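Below is one structure, written out as structure tokens; the observations come after it.
The values are calculated or read from the model by the stated rules, or taken from the named source; none is laboratory data. Quantities reported herein were computed from a predicted structural model and do not represent experimental measurements. FYI the Cβ positions are ideal-geometry reconstructions off the backbone, even for glycines, and counts take in every protein chain you see. Only protein heavy atoms, including side chains, enter the accessible area calculation; ligands, DNA and RNA are left aside. Shrake-Rupley method; radii C 1.70, N 1.55, O 1.52, S 1.80 Å.
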Amino acid sequence: MAASITLKKVGKIIGGKTILAGLSFGIEKGSLVAVVGLNGAGKSTLLKLLSGFENPNYGQVFLHGLDMNKRRNETRKLIGYVPYENDLDPWLTLEENILFNAELFNVKSDIAKKQIRKYSTLLGFNNQLNQTAFKVSGGIHKKTMLVRSLIHNPDILILDEPTGYMDAESIRLTWDLIKDLRGDKSIIYVSNSLNEIEQAHDRILVFDNGKILMDGHLDTLLESTIEYHQFQIEFELLTDDLYKQLKNIPTVVSPNRLDNTFHFYGRTRDVFFDVISKAPNEKKIDLNLKKLGLRDLLDSEFAGKGLD
Amino acid sequence: MIKALIKRRLWLWKNRLISSISIAFIFPILIILLIIVPFKSIILYSLSGIIYESWVYPGFIFLITSIGIFPLLYRDFFDLRIHQKLLANIALTPYSKSTIIYSYLVCAILEAIFFGFIAAIIYSLFIPTNLIFLDYSILLFLVTLHLFLLGNFFITMCLSINSISIMWIAIFCSFIFITLGNGFILEFEFFPQIMESILRYQPFSFSYQSFHMFLSLNIVDWKLISITLLIVYFWILFNGFFLRKKFQQ
């Protein structure tokens with residue numbers, strides 16, 4: 001598939017500190033890409049560079065093959081950007097805020113109004129369009145910014161925490177819309193909600209210290225990086241001696257305890273039986289076996305050193 | 001872009017109609033009552049022998065428009081900028097930064113001229129004026145030129161300062177300078193000679209001096225106008241560059 005966004009050795013230094021270090025990757029047209037990482041990993045900076053909000057210190061960003069630095073005006077029309085913080089004009093109504101952007105991008109008023117009705121209905125805030133921006137909640141701000149970013153029908157959507165400040169229903173409606181837009185638009189977003197990312201992505205970029213640590217679909221990442229199962233056994237009484245015995249079982253990986261619960265990982269399900277056989281007479285209260293998810297992947301032990 | 005900014009400004013006026021209209025009327029009345037009325041009791045005639053209240057009329061229009069241009073520029077380039085609203089979004093639209101600066105100036109000048117128009121009507125209710133259509137046309141042109149220059153100054157000031165307390169001190173100083181340092185209500189000859197020379201050669205007074213030269217001698221001073229135009233042009237480019245630097249773009 002053709003690349004929608006291409007980064008070539010892009011770097012960003014802020015206050016002498018390297019925020020992004022020589023990033024090179026491409027994003028396919030129509031794909032939904034999630035960016036995750038710890039605070040300060042460089043996720044938001046990456047979005048700012050992609051949106052044209054900031055320039056890289058070195059390297060190049062191409063959108064549809066156009067160099068963002070040299071073809072600013074053309075590339076800006078390709079982008080819809082939703083920042084993390086609310087940047088709406090507080091004294092305009094929500095509709096006026098969006099219409100203002102439509103005017104800036106020379107979208108005809110009647111077309112813009114139709115689009116506003118369509119998207120605001122999908123996102124469930126069409127009855128609040130006439131509210132002044134400072135009077136509505138953070139979730140509504142976020143929805144308004146999302147519609148604003150779509151008003152000029154950009155090919156690329158860049159979203160910083162697209163469901164920030166939203167309630168559960170709003171989150172569902174927003175993801176329904178974003179998933180609907182996938183295929184037609186390339187979407188790259190940052191989110192700290194790992195559950196949401198697990199549900200909505202074609203690809204995940206895991207960031208650490210301004211570099212891409214992992215890149216791929218969650219299933220692929222889990223397969224390639226950690227073929228582990230996660231186990232949890234709650235004993236009636238987990239003594240220190242028993243804990244020492246259990247954690248010294250060679251097949252047990254990354255053991256730890258919380259009160260009477262023994263928590264560990266293993267490459268195969270058989271590890272579970274190894275543990276059970278070491279404590280045949282201890283009373284067990286609860287058992288849990290879980291398939292690993294994104295949170296496990298991002299755990300520093302996983303992302304940094306791996307389980308081994 | 002200018003159309004978008006004007007529309008937004010109209011929406012803002014509509015959303016804050018009572019306060020906006022009130023200020024448009026109260027402000028010129030305050031200037032008349034608190035500055036012009038007491039001054040005309042002190043300075044009966046200008047140094048060229050014209051009744052003070054007639055002499056001060058163009059200065060009054062310059063003064064009102066000079067202050068009238070400020071709210072829009074302050075709001076967008078300082079208030080909303082330091083609160084990370086709106087301006088950042090505008091900076092992502094497909095326009096050069098100089099175009100953004102120019103468009104803002106045009107929009108702010110139109111608003112200031114609207115303030116000036118209301119002020120002129122109010123003034124003429126209190127004090128009769130004897131300007132003819134040509135005088136008004138030249139006045140409009142020179143006020144616009146003056147506002148382009150002053151607007152650029154306000155934009156630079158708003159972009160340079162990031163602290164509200166410093167901003168307020170800067171605004172206070174600027175307004176004192178605008179009111180008293182441009183010859184709008186006090187002739188330069190009232191100042192000591194060195195001050196007079198400095199004030200006469202500072203570019204913010206060029207347009208006003210040109211207008212008085214036109215009124216008294218019927219001469220359009222193209223030299224002063226050209227210098228002002230040149231400063232305006234380069235200042236717009238500078239502010240565009242400055243805005244770009246502010247956003248690290």
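Residues in the stretch B:109-125 that are touching a residue at least 60 places away in the same chain (Cβ under 8 Å), within 14 Å of the chain's Cα centre (by Cα) and surrounded by fewer than 20 Cβ atoms within 10 Å (Cβ to Cβ): B:Leu110, B:Phe114.
Just name the residue that is farthest from the other protein chains (Cβ to nearest Cβ) out of those in the stretch A:37-51 that are open to solvent by 20 Å² or more (accessible area, probe 1.4 Å) and out of contact with any Lys or Arg (no Cβ under 8 Å at 6 or more places or on another chain). Once the filter is applied, the top-ranked residue is A:Leu38. Quick check on A:Asn106: is it open to solvent by 30 Å² or more (accessible area, probe 1.4 Å) and in the same structural domain as A:Val10 (by TED's automatic domain parsing)? Spelling it out, it is not the case that A:Asn106 is open to solvent by 30 Å² or more (accessible area, probe 1.4 Å) and in the same structural domain as A:Val10 (by TED's automatic domain parsing). Per this entry, A:Lys179 is not counted among residues that are charged (D, E, K, R) and not assigned by TED's automatic domain parsing to the domain that holds A:Ser44. Take B:Ile18 and decide whether it is surrounded by 15 or more Cβ atoms within 10 Å (Cβ to Cβ) and either at pLDDT 85 or above or more than 14 Å from chain A (Cβ to nearest Cβ) (or both). Taking the combined requirement at face value, the residue does not satisfy it. When we screen A:Gly16, A:Gly59 for residues that are in contact (Cβ under 8 Å) with a residue 12 or more places away in the chain and either within 16 Å of A:Ser191 (Cβ to Cβ) or open to solvent by 10 Å² or more (accessible area, probe 1.4 Å) (or both), the only hit is A:Gly59. Taking (1) surrounded by fewer than 15 Cβ atoms within 10 Å (Cβ to Cβ); (2) closer than 25 Å to B:Phe234 by Cβ in turn, B:Leu134 satisfies each apart from (2). Tallying residues that are more than 15 Å from B:Phe175 (Cα to Cα) and open to solvent by 10 Å² or more (accessible area, probe 1.4 Å) within the stretch B:62-79 yields 2.
Evaluation of A:Ile98 against the conditions (1) free of Cβ contacts under 8 Å to residues at least 60 places away in the same chain; (2) within 12 Å of chain B (Cβ to nearest Cβ); (3) open to solvent by 60 Å² or more (accessible area, probe 1.4 Å) shows that the sole unmet condition is (3).
Could you list all residues from the stretch B:5-14 that are free of Cβ contacts under 8 Å to residues at least 12 places away in the same chain and open to solvent by 50 Å² or more (accessible area, probe 1.4 Å)? Across the stretch B:5-14, the qualifying residues are B:Lys7, B:Leu10, B:Lys14.
Identify, from the list B:Ser66, B:Ser96, the residue that is of a type in the set (Gly, Ala, Ser) and within 10 Å of chain A (Cβ to nearest Cβ). From the options B:Ser66, B:Ser96, the qualifying one is B:Ser96. Would a scan of the stretch A:115-125 turn up a residue that is in contact (Cβ under 8 Å) with a residue 40 or more places away in the chain and either small (Gly, Ala, Ser) or within 14 Å of another protein chain (Cβ to nearest Cβ) (or both)? Yes, because at least one residue in the stretch A:115-125 is in contact (Cβ under 8 Å) with a residue 40 or more places away in the chain and either small (Gly, Ala, Ser) or within 14 Å of another protein chain (Cβ to nearest Cβ) (or both).
Can you spot a residue in the stretch B:46-61 that is open to solvent by 10 Å² or more (accessible area, probe 1.4 Å) and modelled with pLDDT of 90 or more? The answer is yes, given that some residue of the stretch B:46-61 is open to solvent by 10 Å² or more (accessible area, probe 1.4 Å) and modelled with pLDDT of 90 or more. For A:Asn39, are the conditions met, namely being out of contact with any helix residue (DSSP H, G or I) (no Cβ under 7 Å at 6 or more places or on another chain) and part of a loop (DSSP other than H, G, I, E, B)? Against the criterion (out of contact with any helix residue (DSSP H, G or I) (no Cβ under 7 Å at 6 or more places or on another chain) and part of a loop (DSSP other than H, G, I, E, B)), A:Asn39 qualifies.
Just give me the residues in the stretch B:205-249 being away from chain A (no Cβ under 14 Å), among the small types (Gly, Ala, Ser) and surrounded by 16 or more Cβ atoms within 10 Å (Cβ to Cβ), in sequence order. Those that are away from chain A (no Cβ under 14 Å), among the small types (Gly, Ala, Ser) and surrounded by 16 or more Cβ atoms within 10 Å (Cβ to Cβ): B:Ser205, B:Ser207, B:Ser210.
The residues of the stretch A:52-69 that are acidic (Asp, Glu) and within 12 Å of chain B (Cβ to nearest Cβ) amount to a single one, A:Glu54. For A:Asn86, the test of being of a type in the set (S, T, N, Q), touching a Phe, Trp or Tyr at 6+ places or on another chain (Cβ under 9 Å), assigned to a helix (DSSP H, G or I) and within 13 Å of chain B (Cβ to nearest Cβ) is failed. Answer yes or no: is there a residue in the stretch A:120-141 that is under 24 Å from A:Thr75 (Cα atoms) and within 22 Å of the chain's Cα centre (by Cα). No, that holds for no residue. The single condition from (1) outside the structural domain of A:Ile188 (by TED's automatic domain parsing); (2) out of contact with any Gly (no Cβ under 9 Å at 6 or more places or on another chain) that A:Pro162 fails is (1). Output yes when any residue across the stretch B:107-120 is over 27 Å from B:Ile185 (Cβ atoms), in a helix (DSSP H, G or I) and at pLDDT 90 or above, and no when none is. Yes.
Among residues belonging to the stretch A:146-185 that are among the aliphatic types (A, V, I, L, M) and under 13 Å from A:Ala34 (Cα atoms), point out the one that is nearest to the other protein chains (Cβ to nearest Cβ). Within the stretch A:146-185, the match that is nearest to the other protein chains (Cβ to nearest Cβ) is A:Ile158.
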